[in-house]
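Novice: The structure follows.
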Amino acid sequence: SIIVFGLVFPRAAVKHRAQMLEHFNQHLKVNHNQSQNQRAESVNANIYAAVLASLKGLVDAKAKTLGNDEVKRLAVGIINSGLVSTNASIRCTAAECLGRLAQVKLPSHIFRQLPLVTMMHCLFSDNL
């Protein structure tokens, strides 16, 4: 289902992309408080795998853009929350999402807006 999502996402209308990413974002916020729960951790891993598959699908489809500013903001927000996760697999998947995001033709200011705090946390965290 994650692979199919990656194939469908690039073909979805921008407003539907925003709805999907917003839905993922809401689940991540709810599951953040339940990080010790195995089910919540599995759902989070599937969300990041779906985001990675969607970005890979956009790159493979040679999409000119991820979408409007809302879609870009949601995608960057999801990726940032994964970069500070206590789960190493989620951090790794989020980092790969960041790399795929760089392959989608986005304005450079999107990457300048990525919080330095997130990167510093990833580099110097005791959890790594």
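The values are calculated or read from the model by the stated rules, or taken from the named source; none is laboratory data. Because the structure is a prediction, the values reported are computed rather than measured. Using ideal geometry, Cβ is built from the backbone for each residue, glycine included, and neighbour counts are taken over all protein chains shown. Remember, those area values only see protein heavy atoms, side chains included, never the ligands or the DNA or RNA. Shrake-Rupley method; radii C 1.70, N 1.55, O 1.52, S 1.80 Å.
Novice: Magnitude of the Cβ-charge dipole of the stretch 1-109, K/R +1 and D/E -1, about the Cα centre, nearest 20 debye?
Specialist: Roughly 280 debye, rounded to the nearest 20.
Novice: Now a separate question. How charged is the neighbourhood of residue 93? Take every other residue with its Cβ under 14 Å from the Cβ of residue 93, and add Lys/Arg as +1 and Asp/Glu as -1.
Specialist: In short, +1.
Novice: Further question on the same structure: Say the cut-off is 22 Å between C-alpha atoms; which of 29/56; 29/64; 15/56 go over it?
Specialist: 29/56; 29/64
Novice: How big is Rg to Rh over the stretch 17-76, alpha-carbon atoms, Rh as the Kirkwood inverse-mean-distance radius?
Specialist: 1.03
Novice: Can you give the net charge of the other residues whose Cβ lies under 10 Å from the Cβ of residue 54, counting K and R as +1 and D and E as -1?
Specialist: +3
Novice: Could you please state how large a percent of the accessible area of the stretch 1-108 is carbon and sulfur, counting protein chains only and using a 1.4 Å probe?
Specialist: 56
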